[in-house]
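Colleague: Before anything else, here's the structure in question.
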Amino acid sequence: EEEIRAMMEPMAYWGPDGSGVWVDGPVGFGHLMLHTTPESLHEKLPLVNRRGDLVITADARIDNRDEVFDALGVPHPERAAMADSEVVLLAFERWREACADKLIGDYAIAIWDARRRELVLIRDAYGLKPLFYRRDGRVFSFSTSLKPWLRPMRPLNERRIAHFLLDLVPEGDETFFVGLSRQPPGTRMKVAESRVLLERYWTPENIAEESWRSLDDAIGRAEELFEEATRARLRSAFPIGVALSGGLDSG
């Protein structure tokens with residue numbers, strides 16, 4: 001527990017709404033809570049499932065909640081107060097790591113399976129939530145920030161810096177620091193005592209092609225998707241604020 005809390009300390013500003021630690025022998029999770037959506041007001045992480053064999057910590061906003069609820073058969077009265085992390089955990093119980101194919105949203109998810117002695121890390125398709133990890137001998141650690149590993153300062157990865165300065169696509173999972181890796185977007189990772197397996201579950205090629213009878217039909221469909229995506233991201237427990245950069249592309 002002391003090691004988990006030491007990792008959380010540099011990220012304390014992420015947790016104005018509380019924190020939690022779960023430890024079971026050689027495995028531990030920590031979480032810093034920031035309430036954003038109405039459902040997050042009910043969230044307490046790390047969360048253990050009812051059977052006691054799965055534990056989750058996550059930075060997650062699930063946008064297709066109703067679709068997932070329908071597939072899982074969750075009664076309507078239970079839906080409003082169910083936090084997104086609990087939705088993910090129910091989905092994992094049903095589909096295991098294939099749940100990534102069912103979830104739409106921004107998320108970095110960690111689930112410990114006590115029966116299989118296996119850690120599963122899942123990052124959203126576009127990589128909008130960061131997820132980093134470190135392998136140090138027989139110790140595997142992960143975080144949504146690099147800060148837990150930067151005291152004292154780690155050696156810089158000069159090759160990655162060169163790629164950045166030359167505006168080149170980075171190689172693999174490298175970060176700006178030696179020994180610290182970034183899990184790629186659209187991937188799931190399974191970590192056990194004897195292996196670490198990384199699998200890509202989503203690429204742009206997965207998007208199904210659509211055909212329309214006219215340009216107006218295509219424009220109408222694009223407007224529907226845009227409105228749906230915007231509505232999903234405005235699900236907030238607090239008043240909404242919008243910030244745009246000064247660039248012509250985003251403005």
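Read the figures in this text as sums done on the coordinates, not as results from a lab. Here the structure is a predicted model, which means the values were calculated and not measured. Note: ideal-geometry Cβ built from the backbone for every residue, glycine included; neighbour counts use all protein chains shown.
Colleague: In a Gaussian network model over the chain where Cα atoms closer than 10 Å are linked, find which of GLU205, GLU118, GLU97 has the largest mean-square fluctuation.
Modeller: Of the options given, GLU205 has the highest mean-square fluctuation.
Colleague: Moving on. With +1 on each Lys and Arg Cβ and -1 on each Asp and Glu Cβ, and nothing else charged, work out how big the dipole of segment 85-133 is about its Cα centre, in Debye to the nearest 20. Walk me through the numbers on the way to the answer.
Modeller: Details: 8 positive and 8 negative charges, 33 e Å.
Once rounded to the nearest 20, the dipole reads 160 debye.
Colleague: Still on this structure: Normalising by the residue count of segment 1-146, find the relative contact order in percent from Cα pairs under 8 Å and 6+ residues apart.
Modeller: Numbers: 230 pairs, mean separation 24.9, N = 146.
That works out to 17 percent.
Colleague: Of LEU90, PHE140, LEU165, whose Cα points farthest to the positive end of the dipole of segment 90-187 (charges on the beta-carbon: +1 Lys, Arg; -1 Asp, Glu; origin at the Cα centre)?
Modeller: PHE140
Colleague: For segment 42-163, what mean projected area does the convex hull of the alpha carbons give, in nm²?
Modeller: Numbers: hull surface 38.2 nm².
One quarter of the hull surface, i.e. the mean projection, equals 9.5 nm².
Colleague: List the relative contact order of segment 32-83 as a percent without decimals, with contacts defined as Cα pairs under 8 Å and 6+ residues apart. Please list the in-between numbers first.
Modeller: Numbers: 29 pairs, mean separation 21.4, N = 52.
Result for segment 32-83 is 41 percent.
Colleague: With a length cut of 20 Å (Cα positions projected on each helix's long axis) and a Kyte-Doolittle mean of at least -1.0, go through the chain and give me the DSSP H helices that pass.
Modeller: Values: long enough: 215-233 (27 Å, -0.71).
Helices meeting the criterion: 215-233.
Colleague: Mind putting a number on the dipole of segment 180-236 about its Cα centre? Charges go on the C-beta only, +1 for Lys and Arg and -1 for Asp and Glu, and I need it in Debye to the nearest 20. Don't jump to the answer; show the numbers that get you there.
Modeller: Values: 10 positive and 11 negative charges, 116 e Å.
Around 560 debye, computed over segment 180-236.
Colleague: Hey, what number do you get for the chain at 222 nm if only DSSP H runs of n ≥ 4 count, each worth -39500 (n - 2.57), divided across all residues, to the nearest 500? Intermediate results must be reported in sequence, preceding the final value.
Modeller: On the way: 6 runs with 58 residues, N = 251.
The per-residue figure over the chain is -6500 deg cm²/dmol.
Colleague: Hey, what did segment 138-198 get for relative contact order, percent, Cα under 8 Å, at least 6 apart?
Modeller: Details: 42 pairs, mean separation 14.2, N = 61.
Answer for segment 138-198 is 23 percent.
Colleague: Over the Cα atoms of the chain, what Rg and Dmax result, in angstrom?
Modeller: Radius of gyration, then largest Cα-Cα span, for the chain: 19.6, 62 Å.
Colleague: What does a probe at SER141 reach in segment 147-178, counting residues whose amide N is under 17 Å from the point 7 Å along Cα→Cβ?
Modeller: 147-156, 175-178
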